[in-house]
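Working notes, structure below.
The values are calculated or read from the model by the stated rules, or taken from the named source; none is laboratory data. Given the structure is predicted, the values throughout are model-derived calculations rather than measurements. Cβ placement follows ideal geometry from the backbone for every residue including glycine, while neighbour counts extend to all protein chains displayed.
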Amino acid sequence: MPVSGHDTLNVRRSLDVGGSSYDYFSLPEAEKQLGDISRLPVSLKVLLENLLRYEDNRSVTVDHVKAMIGWLKTQSSDTEIAYRPARVLMQDFTGVPAVVDLAAMRQAMVALGGDPAKINPLSSCDLVIDHSVQVDAFGASTSFERNVELEYERNAERYTFLRWGSQAFDSFRVVPPGTGICHQVNLEYLAQVVWTGKEGNKQIAYPDTLVGTDSHTTMVNGLGVLGWGVGGIEAEAAMLGQPVSMLIPEVIGFRLTGRLPEGTTATDLVLTVTQMLRKKGVVGKFVEFFGHGLDDLPLADRATIANMAPEYGATCGFFPVDKLTIDYLKLTSRDPARIALVEAYSKAQGMWRDTSTPDPVFTDVLELDLSTVQPSLAGPKRPQDRVLLKSAAPAFAEALPALAGQTPIDAKAPVAGTDYELAHGHVVIAAITSCTNTSNPSVMLAAGLVAKKALEKGLKAKPWVKTSLAPGSQVVTDYLAKAGVDTYLDQLGFNLVGYGCTTCIGNSGPLPEPIADAISAGKLVVASVLSGNRNFEGRVHAQVKANYLASPPLVVAYALAGSILKDVVNEPLGETPSGEKVYLKDIWPTAAEVAAVVQASVGAGMFASRYGEVFKGDEHWQAISAEGSDLTYEWDEGSTYVRHPPYFEGMTREPPESLNDIKGARVLALLGDSITTDHISPAGSIAKTSPAADYLMEYQIRPQDFNSYGSRRGNHEVMMRGTFANIRIKNEMLDGKEGGLTLHQPDGQEMSIYAAAMKYKAEGTPLVVIAGQEYGTGSSRDWAAKGTLLLGVKAVIAESFERIHRSNLVGMGVLPLVFKNGQSRKSLGLDGSEIIDIEGIAAGLKPRMTAKATITRKDGSKETIELLVRVDTLDEVEYYRHGGILHYVLRSLLASSEPAGRA
């Protein structure tokens, strides 16, 4: 592991733990030389240590270190730092295209006369396959086996490619399918809290830090490990030794006091926290939790809160290391020597929290008394839209007219072959899924206890509800079985369907045909209730317009109730065989009951057993050939999953001498507020009438074998056709019409966005996208930027950007621009027929400079406005100048490369 070779500050010291000696970069020693840092937020102490370790008077200087310490005076900074995380975490949806890019970079290195072995991860990288399992089979004891079979059938090409990658690249490990969700595997096994490396015969200890290609990488912040989501593009650069360029962030302190009251869960807490922080506005900031409320807050609850940092908008939601962290490391069967090191190192560095720790200094502080938290859901469209459980039914009724549109409020539709009918508000999906909650034994076992009590009262799930259980790791099924509640969940239809994200990322699978037909026939607004973290429209299922996030026990409750319009607090969920009404309170376990079951059912032996051979995989994985582990990949031109991407076509050894302004651009799409990466680059099913479907059918792929967009992220031909193809996206050029459509200008012909983009490309016309606030919110999805580039979009002009997507656009050579002076597409009266000229870039690109845009309207009139160029740092200027971050890295490695065979 590379460390400082300069060490101007001379802070390298030795730490002896359990008979072993470790070198480390001492914050107390830095404090002696530079001033008090005792009350610096712990998350910033982690960044400070990183700067001390890599201080070389070049990329990291003493001035960078001083700026971090100076943060205490102003609680903010405009200093840009180079941060180098210890490792990278990927899931397969974002990981496959990253490995595709690395393979393509090796090919490009060969073409440019360099050594392909230079393209190799320099940082440790783990990829967990967790995003590909889909809920096809459900409600049966055979569901898991059937879904696994289908997963391997659909993804054979991708999995073979990943097996190749695990052999071809050093420091790259693949956790096979069926193990668990990447964030839970990270929390329970991969994360070490304190990382170690070798420098000669010296052992170096330093904080475990990471970036991940999933926005919910933040979950591990609950363990005191600093990590957050980045785009696949940034992750690839980090793997290849490039620093993450960032401004020293503001840190919002979140003081927790008190204890959760009876009847509430960690899910209710995190939905409350999410709503508070969204209201506060923490985009681009760190959030750090502190206060006496942490004294008894279980680590699993902390991880639940940290998981949803993307939903409350923060870069991370950090919890310092304390005794509960150590207890969790013991519970999950970590190496005793590592546990001892974690405690000793954290205390030596002033990163340890206990009841006597002084409160850090923060940019601003929020406070929550845990005793005020109430049972809650979030929906029907956004994670931050919390609604109290007792108000959920009337809130949905109030939202229904807007959701239903022209459909009558009392609309109903019979379900063929049954004696019931569907209506607005019926819950058709109840899914215990997603990393947010399935990592938490208390809410998972509470769901099991609700199922047990419900069955004992004679209750059943409603027949129109698609029920599923997708735990975050195999350990969960172990402790559900140990507690004896797995059989009750099975009897209610919550059979194991797979170990993966499933419903939360749109892999909910098809609804039973009679249900799907009834929804379509009645044009009904039906609902899903899931224990997930994302409920954006069009994400969970194409036919389900209302989606609610809830705790696992509430997911079970709504499966019993069958409708979001039922007041589950005050109305009975059903009746006993003798006719006695059964209410939610009758089947809800007490906190003491849950705690007792957790204590009796969750043990270290489960973790040791399940993670003992975590990289081995099942018989399906072991049957995949691991041959072909050469330096360069043999691309299959007939593959519809993995294709050689075109990013490096025509690339030269040197970047262009100067940049160009954008002249004569047309508007590809005119979009509103909160356009998510789901809108830009769908991860769910591929519609039969979409451009992507047309492409697949050219390869004789049947619609039932289309798989999902996410599973085909290794094929740029599919993904560029899926860009802006979400069925719910509304291009304002088409007066509210939904779907991936636009008007080609100047003729005004309506066509798919992909078809229009290709027509513009043939005409040599550059493109821009214009949007409102919070453009690019949601998952850290690199294809939202890659697809935008491949469609010919040169710039995106918006009122504001989400952090990761803005960075990804720069990383792909697309210019992010922000309206200034309170202007917007609406104030300017834009309708999409305009021609846009953007000037000032050719004269010299600088961080956050102002550019001028001349708008030529259909009648020939012109208006010039100012735009803020959101290329934020000098490193980003270089990335854009080279045509993207991968081009920059490739040229950097090429400069030090000579052709060579593999060692």
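Show me the helices (runs of 4 or more DSSP H) entirely contained within region 414-504 in which 3 or more residues are in contact (Cβ under 8 Å) with a residue 60 or more places away in the chain, closer than 17 Å to A561 by Cα and assigned by TED's automatic domain parsing to the domain that holds G579.
Details: elements: 435-438, 441-456, 474-483, 486-491.
Result: 441-456.
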Of the conditions (1) in a helix (DSSP H, G or I); (2) on the phi > 0 side of the Ramachandran plot; (3) not aliphatic (A, V, I, L, M), Y558 clears all except one; give me its number. (2)
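Scanning for something assigned to a strand (DSSP E or B), touching a helix residue (DSSP H, G or I) at 6+ places or on another chain (Cβ under 7 Å) and not assigned by TED's automatic domain parsing to the domain that holds T856, does region 572-592 turn up at least one residue?
Yes, region 572-592 contains at least one residue that is assigned to a strand (DSSP E or B), touching a helix residue (DSSP H, G or I) at 6+ places or on another chain (Cβ under 7 Å) and not assigned by TED's automatic domain parsing to the domain that holds T856.
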Would it be correct to say that D354 is closer than 24 Å to G224 by Cβ, touching a helix residue (DSSP H, G or I) at 6+ places or on another chain (Cβ under 8 Å), of a type in the set (D, E) and part of a loop (DSSP other than H, G, I, E, B)? yes
In region 388-413, residues that are under 16 Å from I519 (Cβ atoms), small (G, A, S) and not in a loop (DSSP other than H, G, I, E, B) total 2
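Working only within region 221-233, note down all residues that are modelled with pLDDT of 85 or more, part of a helix (DSSP H, G or I) and either under 15 Å from C125 (Cα atoms) or among the polar types (S, T, N, Q) (or both). It would help to see each step written out before you state the result.
Of all residues in region 221-233, those modelled with pLDDT of 85 or more come to 221-230.
Remaining after also requiring part of a helix (DSSP H, G or I): 221-223.
If the condition is that a residue be modelled with pLDDT of 85 or more, part of a helix (DSSP H, G or I) and either under 15 Å from C125 (Cα atoms) or among the polar types (S, T, N, Q) (or both), then N221 is the only one that fits.
Report the residue count in region 357-376 for those that are farther than 20 Å from R259 by Cα and either part of a loop (DSSP other than H, G, I, E, B) or of a type in the set (A, V, I, L, M) (or both). I'd like the intermediate steps shown before the answer.
If we filter region 357-376 for residues that are farther than 20 Å from R259 by Cα, which is where we start, we get 358, 360-364.
Pick out the ones that are also either part of a loop (DSSP other than H, G, I, E, B) or of a type in the set (A, V, I, L, M) (or both) and you get 358, 360-363.
Matching residues across region 357-376 total 5.
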Kindly check whether there is at least one residue in region 50-69 that is crowded, with 20+ Cβ neighbours inside 10 Å and touching a Cys at 6+ places or on another chain (Cβ under 8 Å). no
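Can you name the residue in region 804-836 that is of a type in the set (K, R) and surrounded by fewer than 24 Cβ atoms within 10 Å (Cβ to Cβ) and is also farthest from Y888 (Cα to Cα) among such residues?
Let us first name the residues in region 804-836 that are of a type in the set (K, R), namely 806, 820, 825-826.
Narrowing the set further to residues that are surrounded by fewer than 24 Cβ atoms within 10 Å (Cβ to Cβ) leaves 820, 825-826.
Values: K820: 30, R825: 33, K826: 37 Å.
Filtering region 804-836 for residues that are of a type in the set (K, R) and surrounded by fewer than 24 Cβ atoms within 10 Å (Cβ to Cβ), the one farthest from Y888 (Cα to Cα) comes out as K826.
Can you tell me which residue within region 324-351, out of those that are small (G, A, S) and under 16 Å from Y189 (Cα atoms), is nearest to the chain's Cα centre (by Cα)?
Among them, the one singled out is S333.
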Subset of region 533-587 [over 27 Å from R382 (Cβ atoms), of a type outside the set (S, T, N, Q) and surrounded by fewer than 21 Cβ atoms within 10 Å (Cβ to Cβ)]: P572, G574, E575, P577, G579, E580, K581, V582, Y583, K585, D586
Looking at (1) within 30 Å of S215 (Cα to Cα); (2) surrounded by 14 or more Cβ atoms within 10 Å (Cβ to Cβ), can you tell me which one P646 breaks? (2)
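State which residue is nearest to H131 (Cα to Cα) when the search covers only region 755-787 and only residues that are of a type in the set (F, W, Y) and out of contact with any Leu (no Cβ under 7 Å at 6 or more places or on another chain).
Pass one, region 755-787, residues of a type in the set (F, W, Y): 760, 775, 783.
Filter again for out of contact with any Leu (no Cβ under 7 Å at 6 or more places or on another chain), leaving 775, 783.
Values: Y775: 24, W783: 15 Å.
Checking each candidate, the answer is W783.
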In the set L40, L44, L51, the lone residue that is assigned to a loop (DSSP other than H, G, I, E, B), under 31 Å from the mean Cα position of the chain (by Cα) and at pLDDT 95 or above is L40
Does L565 satisfy the criteria of being assigned to a helix (DSSP H, G or I) and either in contact with a strand residue (DSSP E or B) (Cβ under 7 Å, 6 or more places away or on another chain) or closer than 22 Å to G493 by Cα (or both)? no
Just checking, does region 739-753 include any residue being in contact (Cβ under 8 Å) with a residue 24 or more places away in the chain, within 20 Å of G672 (Cα to Cα), among the hydroxyl-bearing types (S, T, Y) and crowded, with 16+ Cβ neighbours inside 10 Å? yes
For L162, indicate whether it is within 22 Å of S123 (Cβ to Cβ) and either in contact with a Phe, Trp or Tyr (Cβ under 7 Å, 6 or more places away or on another chain) or aliphatic (A, V, I, L, M) (or both). yes
Scanning region 687-715 for residues that are modelled with pLDDT under 90 and β-branched (V, I, T) gives T689
Return the pairs, sorted by first residue and then second, in which the second residue is surrounded by fewer than 19 Cβ atoms within 10 Å (Cβ to Cβ) and not aliphatic (A, V, I, L, M), the first residue lies in region 812-830 and is more than 16 Å from F801 (Cα to Cα) and at pLDDT below 95, the beta carbons are less than 9 Å apart, and the residues are 6+ apart or on different chains. N821/E866
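A quick yes/no check of all residues on (1) closer than 30 Å to E774 by Cα; (2) in a loop (DSSP other than H, G, I, E, B); (3) touching a residue at least 60 places away in the same chain (Cβ under 8 Å); (4) not charged (D, E, K, R):
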position	(1), (2), (3), (4)
A665	yes, no, yes, yes
T689	yes, yes, no, yes
L696	no, no, no, yes
I727	yes, yes, yes, yes
Do you know which residues across region 746-796 are in contact with a helix residue (DSSP H, G or I) (Cβ under 6 Å, 6 or more places away or on another chain) and among the aromatic types (F, W, Y)? Y754, W783
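Among residues belonging to region 855-903 that are among the polar types (S, T, N, Q) and surrounded by 18 or more Cβ atoms within 10 Å (Cβ to Cβ), point out the one that is modelled with the highest pLDDT. Spell out the reasoning first.
From region 855-903, those among the polar types (S, T, N, Q) are 856, 861, 864, 873, 892, 896-897; that's our starting set.
From the residues that got through so far, the ones that are surrounded by 18 or more Cβ atoms within 10 Å (Cβ to Cβ) too are 873, 897.
Working: T873: 81, S897: 60.
If we take residues in region 855-903 being among the polar types (S, T, N, Q) and surrounded by 18 or more Cβ atoms within 10 Å (Cβ to Cβ), then T873 is modelled with the highest pLDDT.
Yes/no matrix, rows are residues, columns are (1) under 15 Å from the mean Cα position of the chain (by Cα); (2) surrounded by 23 or more Cβ atoms within 10 Å (Cβ to Cβ):
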| site | (1), (2) |
| --- | --- |
| R163 | no, no |
| G178 | no, no |
| N186 | yes, yes |
| Q192 | no, no |
| K202 | no, no |
| G224 | no, yes |
| W228 | yes, yes |
| G241 | no, no |
| S245 | no, no |
Could you grab the pairs with beta carbons closer than 6 Å, sequence gap of 6+ or different chains, first residue in region 591-619 and under 14 Å from V185 (Cα atoms), second one in a helix (DSSP H, G or I) and not acidic (D, E)? M606/V475; F607/V475; R610/Q474; R610/V475; Y611/Y189
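Considering each of T218, T264 in turn, give the residue that is in a loop (DSSP other than H, G, I, E, B), in contact (Cβ under 8 Å) with a residue 60 or more places away in the chain and either closer than 30 Å to T477 by Cβ or not assigned by TED's automatic domain parsing to the domain that holds A784 (or both). Walk me through how you get there before you give the answer.
Numbers: T218 fails: in a loop (DSSP other than H, G, I, E, B).
Being in a loop (DSSP other than H, G, I, E, B), in contact (Cβ under 8 Å) with a residue 60 or more places away in the chain and either closer than 30 Å to T477 by Cβ or not assigned by TED's automatic domain parsing to the domain that holds A784 (or both) holds for just one of T218, T264, which is T264.
Table: residues versus (1) in a loop (DSSP other than H, G, I, E, B); (2) of a type in the set (D, E); (3) out of contact with any Leu (no Cβ under 7 Å at 6 or more places or on another chain).
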site: V796; (1), (2), (3): no, no, no
site: V810; (1), (2), (3): no, no, yes
site: L817; (1), (2), (3): no, no, no
site: N821; (1), (2), (3): yes, no, yes
site: S824; (1), (2), (3): yes, no, yes
site: S827; (1), (2), (3): yes, no, yes
site: I836; (1), (2), (3): no, no, yes
site: A843; (1), (2), (3): yes, no, yes
site: K846; (1), (2), (3): yes, no, yes
Any idea how many residues of region 1-26 are part of a loop (DSSP other than H, G, I, E, B), within 12 Å of Y206 (Cα to Cα) and modelled with pLDDT of 95 or more? 1
